[in-house]
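Written out below as structure tokens is the structure these notes cover.
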Amino acid sequence: MELVRCFVSVELDEKVRNRISQWIEELKILAPRLKWVSGSGLHITLKFCGEIDLSKVIKLENALQDAFARTTVRPFGLEIGGVGAFPGLREPRVLWLGVGGEEDQLSRIVEIVESAAEIVGLEREHRPFHPHVTIARIKSPSDVPVDLIRTISEHELGQLSWNVNAVMLMRSDLRPSGAVYSPIAKYNLKQPEVSR
């Protein structure tokens with residue numbers, strides 16, 4: 001039985017991804033012991049599915065296809081907001097960039113994804129959805145220099161916005177160097193048809 005670690009996500013556009021990657025390279029100098037996310041790994045997770053049987057992945061792929069075919073979700077705009085941490089900046093385990101813009105559309109997509117996942121037997125996420133882009137993972141709070149928190153809270157990335165045109169079902173393969181992501185399926189968003 002083949003298990004596939006997978007998640008559903010919204011990707012960043014290349015310009016936004018490149019700008020955040022440049023910033024991460026600057027931050028690495030301040031905190032080299034953190035596990036920084038590579039540019040190709042930057043995304044917004046809508047649902048983490050965990051390791052599931054390949055047959056269930058195929059069912060999820062089809063359920064998502066049906067859900068997005070039945071529901072019209074137009075492309076929409078998002079932007080990168082401030083910096084935060086889970087569970088908090090005092091003892092951070094994950095550093096992230098907040099996401100703003102048309103969050104109502106993003107929440108609508110999350111509901112579509114959760115409903116499709118539930119159909120194939122995946123448990124619904126009970127925590128409230130908090131859109132973010134993970135930039136670093138932290139093993140020990142002592143790995144986080146005070147300068148880093150000050151730098152990221154004072155730093156302005158500038159206006160980083162993009163249009164979301166698709167939702168992705170992604171595979172995540174864990175390697176010693178970090179997770180490697182590859183697309184399983186892409187679900188294009190579409191404009192509602194104008195009735196004449």
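The values are calculated or read from the model by the stated rules, or taken from the named source; none is laboratory data. None of these values were measured; they are calculated from a predicted model. We place every Cβ from the backbone using ideal geometry, glycine too, and count neighbours over all the protein chains shown. Keep in mind that these areas ignore ligands, DNA and RNA; they rest on the heavy atoms of the full protein, side chains included. Shrake-Rupley method; radii C 1.70, N 1.55, O 1.52, S 1.80 Å.
Have a look at Ser172, Ser153, Ser182, Ser161 and point out the one that is more than 30 Å from Arg74 (Cβ to Cβ) and among the small types (Gly, Ala, Ser).
Ser153
Scan segment 69-79 for residues that are open to solvent by less than 20 Å² (accessible area, probe 1.4 Å) and modelled with pLDDT under 95 and jot them down.
Val73
Can you name the condition, by its number, that Ile58 falls short on among (1) at pLDDT 95 or above; (2) open to solvent by 10 Å² or more (accessible area, probe 1.4 Å); (3) under 19 Å from Phe129 (Cβ atoms)?
(3)
Would you check which residues across segment 161-188 are modelled with pLDDT under 95 and open to solvent by less than 10 Å² (accessible area, probe 1.4 Å) and list them?
Result: no residue meets the conditions.
Here is a check on your reading of the model: is Glu11 modelled with pLDDT under 95 and either out of contact with any Ser or Thr (no Cβ under 7 Å at 6 or more places or on another chain) or open to solvent by 20 Å² or more (accessible area, probe 1.4 Å) (or both)?
So Glu11 does not fit the description; no.
Look through Leu60, Leu42, Leu64, Leu46 and report the one residue that is under 25 Å from Leu189 (Cβ atoms) and touching a Lys or Arg at 6+ places or on another chain (Cβ under 7 Å).
After applying the criteria, what remains is Leu42.
If you scan segment 35-72, which residues turn out to be farther than 21 Å from Trp23 by Cα, of a type outside the set (A, V, I, L, M, F, W, C) and assigned to a helix (DSSP H, G or I)?
Those that are farther than 21 Å from Trp23 by Cα, of a type outside the set (A, V, I, L, M, F, W, C) and assigned to a helix (DSSP H, G or I): Ser55, Lys56, Lys59, Glu61, Asn62, Gln65, Asp66, Arg70.
Please name all residue pairs, on different chains or six or more residues apart, with Cβ atoms under 9 Å, provided the first residue is in segment 66-86 and is over 30 Å from Ile149 (Cβ atoms) and the second residue is in a strand (DSSP E or B) and among the aliphatic types (A, V, I, L, M).
Phe68/Val167; Val73/Val167; Pro75/Val164; Pro75/Ala166; Phe76/Val164
Residues Ile20, Ile24, Ile29: which one is under 20 Å from Thr151 (Cα atoms), of a type in the set (A, V, I, L, M, F, W, C) and surrounded by fewer than 13 Cβ atoms within 10 Å (Cβ to Cβ)?
Exactly one of Ile20, Ile24, Ile29 is under 20 Å from Thr151 (Cα atoms), of a type in the set (A, V, I, L, M, F, W, C) and surrounded by fewer than 13 Cβ atoms within 10 Å (Cβ to Cβ), namely Ile29.
Please work out which residue is most open to solvent (accessible area, probe 1.4 Å), limiting yourself to segment 128-160 and to residues that are touching a helix residue (DSSP H, G or I) at 6+ places or on another chain (Cβ under 7 Å) and farther than 29 Å from Ile109 by Cβ.
My answer is Asp147.
Given the condition under 23 Å from Leu54 (Cβ atoms) and more than 13 Å from the chain's Cα centre (by Cα), answer yes or no: does some residue in segment 124-146 qualify?
Within segment 124-146, one or more residues are under 23 Å from Leu54 (Cβ atoms) and more than 13 Å from the chain's Cα centre (by Cα).
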